[in-house]
1. Excluding ligands and nucleic acids, what accessible area in Å² is computed for Ile143 using a 1.4 Å probe, to the nearest 10?
2. Give me the net charge for the shell around Ala103: Cβ to Cβ below 10 angstrom, other residues only, Lys and Arg +1, Asp and Glu -1.
3. From the phi angles alone, apply the Karplus equation (6.51, -1.76, 1.60; θ = phi - 60°) to segment 60-71 and give each ³J(HN,Hα) in whole Hz, x where the residue is Gly or Pro.
4. Quick one: ranking Asp60, Asp158 by accessible area, 1.4 Å probe, largest first, what do you get?
5. If you average 1/r over all unlike Cα pairs in segment 133-172 and invert the result, what Kirkwood radius do you get in angstrom?
6. Output wanted: per-residue J couplings in Hz (rounded whole) for segment 92-108, from phi through Karplus 6.51 cos²θ - 1.76 cosθ + 1.60, θ = phi - 60°, x for Gly and Pro.
7. So for the pair Leu23, Glu150, with labels modelled 7 Å out along Cα→Cβ, what separation do we get in nm?
8. What distance in nm separates the two pseudo spin-label positions at Ala96 and Leu30, each 7 Å out from Cα along the beta-carbon direction?
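The values are calculated or read from the model by the stated rules, or taken from the named source; none is laboratory data. In this text the structure is predicted, and so the values were computed from the model without any measurement. We place every Cβ from the backbone using ideal geometry, glycine too, and count neighbours over all the protein chains shown. The area values use the complete protein model at the heavy-atom level, side chains included, leaving out ligands, DNA and RNA. Shrake-Rupley method; radii C 1.70, N 1.55, O 1.52, S 1.80 Å.
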Amino acid sequence: MTTDDNFEVFDDERDVEVRTPSLARVLLTLAGAGVLVAILVILLANLVTFDRPAPDTLCDGAASCNDLSVDEVSGLAGIELPPDSEVISSRYESTAEQILVEATVRMPIGSANPFEGGAYFAVDESALTIPNGLSVVGYYAAIGELGALEADAAIADDGMAEIVVVRVVRTL
């Protein structure tokens with residue numbers, strides 16, 4: 001055995017006891033780390049969404065309503081309606097199987113045809129119920145998403161404005 005400035009080198013092997021952490025200590029450490037990560041995620045999510053307005057829900061979250069806006073009709077029917085249009089009547093119903101949208105919208109005279117250039121195509125007739133006093137200018141339809149979307153529409157004239165009548169059924 002040699003020594004060099006308080007440093008001993010051993011030539012023989014000694015039994016060395018290696019301590020391994022207990023299973024309980026490992027599990028407690030992992031659980032504590034998981035809790036810390038969860039708290040950090042919750043805090044970050046709250047910081048990111050703090051002071052953000054709640055998203056608008058259709059019909060205030062109800063399954064049906066009769067007061068759709070022009071933007072809602074436009075989005076649900078897949079058509080471009082002028083912003084100065086007026087919804088005369090509307091209906092929205094949602095079930096587990098389908099969504100139904102029906103609307104009659106008054107557009108200003110001279111507005112662009114909202115059915116041209118989109119998913120709608122001209123047809124000869126429609127099963128739509130057209131309000132009395134309107135003369136139909138054209139019928140339109142749309143089918144899409146493997147038959148899950150069906151839409152019937154018409155443009156009519158009441159002598160003072162152009163009227164869009166649309167019915168969309170989306171099978172879920």
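1. Ile143 has an accessible surface of roughly 120 Å² with all protein chains in place.
2. On the way: positive: Arg91, Arg167; negative: Glu72, Glu102.
Net charge in that neighbourhood comes out at 0.
3. Using θ = phi - 60°, the values come out as 6, x, 7, 7, 8, 6, 10, 9, 6, 8, 4, 5 Hz.
4. Working: Asp60 145, Asp158 55 Å².
I get Asp60, Asp158, largest accessible area first.
5. Working: mean 1/r = 0.0906 Å⁻¹.
Averaging 1/r across every pair of different Cα atoms and inverting gives 11.0 Å.
6. 10, 9, 10, 10, 5, 9, 7, 10, 10, 10, 10, 8, 10, 10, 8, 10, x
7. That separation, rounded to one decimal, is 6.1 nm.
8. Taking the simple label geometry, Ala96 and Leu30 are separated by 3.8 nm.
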